[in-house]
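The values are calculated or read from the model by the stated rules, or taken from the named source; none is laboratory data. Keep in mind that this is a model prediction, so the values were computed, not measured. Ideal geometry is used to build each Cβ from the backbone, glycine not excepted, and the neighbour counts take in all protein chains shown.
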Amino acid sequence: MPEEPVLEVRDLSVDYVLARGNVRAVDDVSFTVNRGEFLGIVGESGCGKSTLLFAVAQLLAAPAAIAAGSVTFGGTNLVGLTEGQLSAIRWRDMSVVMQSAMNALNPVKTIGAQFKDAMRAHGKFTGADVSARSAEVLKMVGIDPLHLRSYPHQLSGGMRQRAMIAMAMLFTPDLVIMDEPTSALDVVAQRSLMVQIKELQQALGFAVIFVTHDMSLISHFSDRLMVMYAGQVDELGATRTIFDQPLHPYTQGLLEAFPSIRGPRVPLKGIPGAPPDLSAVPTGCRFHPRCPYAVDRCTTDAPELYPLEAALVRCLRRQDGSLAS
Amino acid sequence: MTTTDLPVPAETPRPRTELLRTDRLARYFKIGGALSRRTLHAVDDVSFSIGEREIVALAGESGSGKSTIARVLARIYEPTAGQVFFEGKPLSAMRSRADRLRYSGLVPMVFQDPFASINPVFRVQHGVLRSLKLHRPELSAAQCEQEAAHVFEVVGLSPDMLQRFPHELSGGQRQRVGFAQALAMRPRLILADEPVSMLDVSIRIGLLNLMAKLRDEEGVSVLYITHDIASARYVADRLIVMYAGQIAESGPIEDVLAHPRHPYTQLLLSAVPDPRAPLTVAAETDRGEPPKVIDPAPGCRFRWRCPVAIDTCAQVTPVLAELRPGHDAACHVAQTSATEVKAFS
């Protein structure tokens, strides 16, 4: 299959415009998503991943605003489009599954009524069309269409999350953006939801952007991985390559932060310290205060994102080769 | 990081002295309207014990009764049936205010959500000083402040953090404040209800190391409630797996993970994401849901999701039986077959 980008993000920056000055939450981020690709975005809370997603979906609300860059989706630059123009694209071609999908459903409306709302907001459909399509998407995610008449509280957490994903499938979009859709679920439900998403993706051919802070979760599901730290991309490459040979010290730290149920029990350290406050990012490399390999240069010179082997990485010591694998 | 922060490997079992024991504990909830007779069996017939200086992990999916057990142990709920014994004495006998206060100081709880469990309008010292005043009235004001600074240091916070407001702290720091508050009361057993699940992966390890440190240096036991088996393995000595309000399997954690006998434990282990495992999407996946345990009939509660269920499973509720040293499972199939049955892998 030829590599055909569905989404192209170029030099995107997002500012929170505050009285005490602007805070740059997303800084000069560029990436593409190809048709049918699964892109994982990982990073700690406060690294700008959710802001980035909101910027891609054009859902930013004041005080956040896109400061620079473009988001090209299906050949159209979405930045600067009016709500009316966006409405033709949203949900039909690009849909979003939010972090707390459990709470994103309206508790006083049945699932079916909410599906109907979504369809009617983005096109003209007869009642029969709506119920046929609603039943179809619900079946796709393994829920009995009977539940179209259920209220959200009658479904379990996993089912609610699946219903949200079904809702995102209503128009068979080209791109589905998911912001930690599994974070409220336990491991068994989480695993089955991930398998479900992957199956749907293979059957319907849509692209996925999946944001999470748990790298192990997407290790088996994503094609490419983008690691974000303090609003910037630190590493971008094929998932397997990154897991086998993480280049950025932050990526290494993330990979070593979770224990395994297999192999010997080894003491872990996690990543000492906390992510920086975006209104006062460290000079030089933004990761240097937490980096075990930092040298003097890292505190003054800001590294560029540059290609190394098959990946892109932002690390001075990798760039000049003074940090071996 | 010093070596004292490292968890002690399970290969060196300590002699166990029992600290707390539950005997056929049950907690039911009435559901529906005033005329409804339906009851939800959140916890049913649960017996286990926690030793001194021991971290016991209580694992299971949402709705399996883990938090209900913690709340019964914290005396937030009264048990519907059964008994809890602490240091050999039944909780039901501790009726006076002094007894209850003493118990809640010895067995404090740390909650899941570090953003909701600290009062946002007070400085963080408020919670610590209040528990000191309540539980250790013999201390003078100056001693209280000293003690507060001491427990902050133990949990890895600098004492000047005491003057901060909760919103100035990160999630990991707030959860450390939760442990500091518990520690100020000189506890024997900390009930930690999903203490790390709301935190970033990179921060979690620090708190798990803290729990191990509290066990090793302060001699505190921890009931660590989690659905994350990997973190349980990292820090715990024993594992109890709950399913639908009952114990499915329990034993020394390494033994349970190496030889899971209950099909549900096997399912749980197969679902743990592991980037070190080969990159394959498992063909068979479980699409089942945990049952709502409303007025249950006898029989194994896992049988609808169990690929190896036999006729007996629909008629007789399985009870825990020892299958390996110190390692129990409540499964008819595992108890009757000579070889280890693999339902999920």
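A compact table of results
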| item | result |
| --- | --- |
| Filter result for A:Leu247 (under 30 Å from A:Ile197 (Cα atoms), part of a loop (DSSP other than H, G, I, E, B) and away from chain B (no Cβ under 14 Å)) | yes |
| Given (1) surrounded by 17 or more Cβ atoms within 10 Å (Cβ to Cβ); (2) more than 18 Å from B:Ala180 (Cα to Cα); (3) over 15 Å from the mean Cα position of the chain (by Cα); (4) polar (S, T, N, Q), index of the condition B:Ser104 fails | (2) |
| Criterion violated by B:Leu210 - all others in (1) part of a helix (DSSP H, G or I); (2) within 14 Å of another protein chain (Cβ to nearest Cβ); (3) under 15 Å from the mean Cα position of the chain (by Cα); (4) not basic (Lys, Arg) satisfied | (3) |
| Out of B:Ala258, B:Ala248, sole residue that is over 24 Å from B:Cys313 (Cα atoms), at pLDDT 90 or above and either within 11 Å of chain A (Cβ to nearest Cβ) or touching a Ser or Thr at 6+ places or on another chain (Cβ under 7 Å) (or both) | B:Ala258 |
| Neighbours by Cβ (under 6 Å, 6+ apart or cross-chain): first from region B:230-256, part of a strand (DSSP E or B); second of a type in the set (Phe, Trp, Tyr) | B:Ile240/B:Phe48; B:Tyr243/B:Tyr264; B:Tyr243/B:Phe302; B:Ala248/B:Tyr264 |
| Count - residues of region B:186-217 that are at pLDDT below 90 and not β-branched (Val, Ile, Thr) | 10 |
| Residue in region B:161-178 that is farther than 21 Å from B:Asp328 by Cβ, crowded, with 24+ Cβ neighbours inside 10 Å and away from every other protein chain (no Cβ under 14 Å) present | yes |
| Filter result for A:Asp117 (surrounded by fewer than 18 Cβ atoms within 10 Å (Cβ to Cβ), in a helix (DSSP H, G or I) and in contact with a Lys or Arg (Cβ under 9 Å, 6 or more places away or on another chain)) | yes |
| Cβ pairs under 7 Å, 6+ apart, first in region A:148-161 and facing another protein chain (nearest Cβ under 7 Å), second assigned to a helix (DSSP H, G or I) | A:Gly157/A:Met102; A:Gly157/A:Ala189; A:Gly158/A:Ala189; A:Gly158/A:Leu193 |
| Selection from region B:217-233 of residues that are within 11 Å of chain A (Cβ to nearest Cβ) and under 17 Å from B:Gly251 (Cβ atoms) | B:Thr226, B:Ile229, B:Ala232, B:Arg233 |
| Residue list for region A:260-276, restricted to those being facing another protein chain (nearest Cβ under 10 Å) and either in contact with a Ser or Thr (Cβ under 6 Å, 6 or more places away or on another chain) or in contact (Cβ under 8 Å) with a residue 12 or more places away in the chain (or both) | A:Leu268, A:Lys269, A:Gly270, A:Ile271, A:Pro272, A:Gly273, A:Ala274, A:Pro275 |
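Yes or no, residue by residue, for (1) touching a Lys or Arg at 6+ places or on another chain (Cβ under 7 Å); (2) away from chain B (no Cβ under 14 Å); (3) surrounded by fewer than 23 Cβ atoms within 10 Å (Cβ to Cβ):
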position: A:Met164; (1), (2), (3): no, yes, no
position: A:Leu170; (1), (2), (3): yes, yes, yes
position: A:Asp179; (1), (2), (3): no, yes, yes
position: A:Asp214; (1), (2), (3): no, no, yes
position: A:Ser222; (1), (2), (3): no, no, no
position: A:Met228; (1), (2), (3): yes, no, no
position: A:Gln232; (1), (2), (3): yes, yes, no
position: A:Thr241; (1), (2), (3): no, no, yes
